[in-house]
There are 2 protein chains.
Amino acid sequence: MEIEVAVAKKRKWATSESGDSLEMIERPQGGFSFILVDGQRSGRAAKAISNLVARKAISELAEGVRDGAAARAAHDYLYTYKGGKVSATLNILSIDLASNTLVLSRNSRCPIVAITPSGGFCLLDEPSEPIGVRRGTKPQITELPLAAGTVVVVYTDGLEMAGARSSRVFDVPAAIRELTAGNEVSAQQVADSLLERALALDDGRPHDDISVLVLRILDRTGDDVRRLALRVPL
Amino acid sequence: MEIEVAVAKKRKWATSESGDSLEMIERPQGGFSFILVDGQRSGRAAKAISNLVARKAISELAEGVRDGAAARAAHDYLYTYKGGKVSATLNILSIDLASNTLVLSRNSRCPIVAITPSGGFCLLDEPSEPIGVRRGTKPQITELPLAAGTVVVVYTDGLEMAGARSSRVFDVPAAIRELTAGNEVSAQQVADSLLERALALDDGRPHDDISVLVLRILDRTGDDVRRLALRVPL
């Protein structure tokens, strides 16, 4: 099998920094975790918050702490540090090679879309709260087997709110269903297409920071080389 | 301008884990840092060491600590933790948007290759020691302007030692010079080609963990979208 993960990320129009933070870390017992945080509001203040939360989650995961505990720790840390006055959404997507599962941890009102060979198209949308404002906030956790044919899409609310001010509503799950209907679409293509559609709805000037993370598990056995690529416009 | 970073990584033949660790983190004051660590020996023990060192460097950088201090802290930590008995190489490549420079920090006998529009082809190979074994070890630090046309290649010794047992020697700098002679080669192509040549010299069964990191700065101004892609064979 091979795992592909792709992220596309664009900041709110006319801001200097995205309030979304995306970090990746190798898990000490095998695998990778991706942490996606959307800090309250936008710009520099939001970035400081999302950086703080992502950093806390990363430092826990890097020490082998399980995902649910890392999410709780990130909440407690933000809640304590900001006195319950600042919120952030937090998603952790882990490829856990110790348990051979995907672990999806969600503290956000945005759903996660999961397409699996056994369960088909599934919206993970149980009630879930952002972290930082209510004592004892817990993540919604879903565990899926590492199976070829699986696709998972995680995103921040900038994506589903695209075009909302002009009452053009972006049905993200429907778009994902359509994009993945043909089998051979890469994780990068799904991420790019979703972002492109959101930007079109916002007339190229996004009203909020937008981040999309797509994971896809393929049947292929390649050359046993791990590859990472980052592209950053300055 | 646009920055491209690509990593290709393969573990030693017949080991379960690579002793090299590569981690990436967004810098709190803007930009990214890539940390490449090669732990002494190979397999699980080496992985535990490289993970420890990478984690320490990341946690420092995530808090805004400057690269030279983060490298020193990683050394001191490993030296203290393992009583000076275990070594690791450590390279930090940072795109520092606060100073608008590339910061290259090196604790390794492998050189770093830097091609810049002003200085041309340059081998950063001042004497430099791995961390962990000698009290007070310091990194060699080089700072370069963020200028279009720059290419930087960082690698672990598995690359330059490829084929050494059969006395076929891999001249990595010469290969990089050749690969980048035509202008339009992507960071991913350079990383993949170097790894491919090393694997050919090792008859497809690498005698050591191999990691190659390539950074390239382009003139192009694209769509202002940040993209990250990871591919992991399982």
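Could you say which residue among A:ILE35, A:ILE3 is crowded, with 24+ Cβ neighbours inside 10 Å and either more than 10 Å from chain B (Cβ to nearest Cβ) or assigned to a strand (DSSP E or B) (or both)?
Details: A:ILE3 fails: crowded, with 24+ Cβ neighbours inside 10 Å.
Unique residue meeting the criteria: A:ILE35.
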message = Filter region A:177-199 down to the residues that are touching a strand residue (DSSP E or B) at 6+ places or on another chain (Cβ under 9 Å) and among the basic types (Lys, Arg) and list them by number.
response = A:ARG177
remark   = Restricting region A:6-21 to residues that are out of contact with any helix residue (DSSP H, G or I) (no Cβ under 6 Å at 6 or more places or on another chain) and within 7 Å of chain B (Cβ to nearest Cβ), the one farthest from B:ALA54 (Cα to Cα) turns out to be A:LYS10
remark   = Of the listed residues (B:LEU61, B:LEU78), the one being closer than 23 Å to B:LYS138 by Cβ, more than 13 Å from the chain's Cα centre (by Cα), within 12 Å of chain A (Cβ to nearest Cβ) and among the hydrophobic types (A, V, I, L, M, F, W, C) is B:LEU61
request  = Scan region B:218-234 for residues that are facing chain A (nearest Cβ under 7 Å), aliphatic (A, V, I, L, M) and either touching a residue at least 60 places away in the same chain (Cβ under 8 Å) or within 27 Å of A:ARG220 (Cα to Cα) (or both) and jot them down.
outcome  = B:LEU228, B:ALA229, B:LEU230, B:VAL232, B:LEU234
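For region A:126-141, which residues satisfy the criterion of being over 16 Å from A:LEU78 (Cβ atoms) and either touching a Leu at 6+ places or on another chain (Cβ under 9 Å) or among the hydroxyl-bearing types (Ser, Thr, Tyr) (or both)? Talk me through it step by step, then tell me what you get.
If we filter region A:126-141 for residues that are over 16 Å from A:LEU78 (Cβ atoms), which is where we start, we get A:126-127, A:140-141.
Hits for region A:126-141 are A:GLN140, A:ILE141.
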task = Identify, from the list B:GLU196, B:GLU178, the residue that is assigned to a helix (DSSP H, G or I), within 14 Å of another protein chain (Cβ to nearest Cβ), farther than 19 Å from B:SER94 by Cα and charged (D, E, K, R).
result = B:GLU196
query = Can you tell me which of B:GLU143, B:GLU196, B:GLU160, B:GLU178 is touching a residue at least 12 places away in the same chain (Cβ under 8 Å), at negative phi and surrounded by fewer than 18 Cβ atoms within 10 Å (Cβ to Cβ)?
reply = B:GLU143
ask   = Got a number for residues in region B:86-117 being part of a loop (DSSP other than H, G, I, E, B) and in contact with a Phe, Trp or Tyr (Cβ under 8 Å, 6 or more places away or on another chain)?
value = 1
request  = Among what's in region A:83-140 and is free of Cβ contacts under 8 Å to residues at least 12 places away in the same chain and within 25 Å of A:SER59 (Cα to Cα), pick the residue that is surrounded by the fewest Cβ atoms within 10 Å (Cβ to Cβ).
outcome  = A:GLY136
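Determine whether region A:47-55 contains at least one residue that is more than 11 Å from chain B (Cβ to nearest Cβ), touching a strand residue (DSSP E or B) at 6+ places or on another chain (Cβ under 7 Å), assigned to a strand (DSSP E or B) and more than 25 Å from B:GLU17 (Cα to Cα). Before you say what the answer is, go through the steps one by one.
So the first thing to find is which residues in region A:47-55 are more than 11 Å from chain B (Cβ to nearest Cβ), and the list is A:49, A:53.
Subset that is touching a strand residue (DSSP E or B) at 6+ places or on another chain (Cβ under 7 Å): A:49, A:53.
Checking which are assigned to a strand (DSSP E or B) leaves us with none.
The answer is no, given that none of the residues of region A:47-55 is more than 11 Å from chain B (Cβ to nearest Cβ), touching a strand residue (DSSP E or B) at 6+ places or on another chain (Cβ under 7 Å), assigned to a strand (DSSP E or B) and more than 25 Å from B:GLU17 (Cα to Cα).
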key: Condition check for B:ASP209: touching a strand residue (DSSP E or B) at 6+ places or on another chain (Cβ under 8 Å), without any contact (Cβ under 8 Å) to a residue 24 or more places away in the chain and of a type in the set (Asp, Glu)   = no
ask   = Being under 20 Å from the mean Cα position of the chain (by Cα), modelled with pLDDT under 95 and in a helix (DSSP H, G or I), is that true of even one residue in region B:160-171?
value = yes
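Take B:LEU215 and tell me if it is more than 30 Å from A:THR101 (Cα to Cα), at the interface with another protein chain (Cβ under 10 Å from one of its Cβ atoms) and crowded, with 22+ Cβ neighbours inside 10 Å. First the steps, then the outcome.
Numbers: more than 30 Å from A:THR101 (Cα to Cα): yes; at the interface with another protein chain (Cβ under 10 Å from one of its Cβ atoms): yes; crowded, with 22+ Cβ neighbours inside 10 Å: yes.
Considered against the rule, which asks whether it is more than 30 Å from A:THR101 (Cα to Cα), at the interface with another protein chain (Cβ under 10 Å from one of its Cβ atoms) and crowded, with 22+ Cβ neighbours inside 10 Å, B:LEU215 comes out as yes.
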query = Any residue at all in region B:54-70 that is within 26 Å of B:LEU194 (Cα to Cα) and of a type outside the set (Phe, Trp, Tyr)?
reply = yes
ask   = How many of the residues in region B:82-122 are closer than 17 Å to B:ASP38 by Cβ and within 14 Å of chain A (Cβ to nearest Cβ)?
value = 1
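Just to be sure, is B:ASP208 part of a loop (DSSP other than H, G, I, E, B), more than 10 Å from every other protein chain (Cβ to nearest Cβ), on the phi > 0 side of the Ramachandran plot and not basic (Lys, Arg)? Spell out how you get there, then give the answer.
Values: part of a loop (DSSP other than H, G, I, E, B): yes; more than 10 Å from every other protein chain (Cβ to nearest Cβ): yes; on the phi > 0 side of the Ramachandran plot: no; not basic (Lys, Arg): yes.
No: the conditions fail for B:ASP208.
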request  = Those residues that are part of a strand (DSSP E or B) and within 14 Å of another protein chain (Cβ to nearest Cβ), I need them from region A:123-150; list them, please.
outcome  = A:PRO145
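The values are calculated or read from the model by the stated rules, or taken from the named source; none is laboratory data. None of these values were measured; they are calculated from a predicted model. Reconstructed Cβ throughout: ideal geometry from the backbone, glycine too, with neighbour counts over all protein chains shown.
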